[in-house]
Amino acid sequence: MDNCLFCQIAKKEMPANIIYEDDDVIVFDDIHPKAPIHKLIIPKIHIATINDMTHEHKELLGHMIHTAKKIAKKLGIADNGYRLIMNCNTDAGQVVFHIHAHLIGGRSLDWHPG
Ligand code: 5GP
Ligand code: ZN
């Protein structure tokens, strides 16, 4: 999608600190990190929200989680722990409508999801 920020990052039309890329996903630093480690894992194809996920996307979403796991290990936070978050639509605070998983860690995280 032309006017989608994360499609533009995926196509390298917008700068981002990309730390991992393969055929299907890219991982980059969140511009406003909420913790010492805050990465975003996104698919290269445009899917606006989790509500738009279809049966065909099951493998891709699994690949996003598997990628997060590998990145967490590489960054040294796998054993202490980390959080993976996907916000869907307004009530969850989604502001970029191209699905993404937040990988957050590097410190003890509190839990106030509401
Ligand atoms: P959401 O609230 O949609 O789940 O999260 C969107 C995330 O994208 C936020 O954590 C925000 O800081 C991040 N973000 C927004 N604009 C940019 C940008 O231009 N570059 C990067 N790297 N992250 C962004
Ligand atoms: Zn997009």
Residues (among the aliphatic types (A, V, I, L, M) and touching a Phe, Trp or Tyr at 6+ places or on another chain (Cβ under 9 Å)) located in region 90-110: Val96, Ile99, Leu103, Ile104, Leu109
Keeping to region 40-87, report how many residues are closer than 22 Å to Cys4 by Cβ and in contact with a Gly (Cβ under 9 Å, 6 or more places away or on another chain). 1
Please enumerate the residues belonging to region 73-105 that are hydroxyl-bearing (Ser, Thr, Tyr) and buried (at least 16 other Cβ atoms within 10 Å of the Cβ). Tyr82
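Computed from the coordinates by the stated procedures, all read-outs in this text should not be read as laboratory data. All values derive from a computational prediction rather than experimental measurement. Ideal geometry is used to build each Cβ from the backbone, glycine not excepted, and the neighbour counts take in all protein chains shown.
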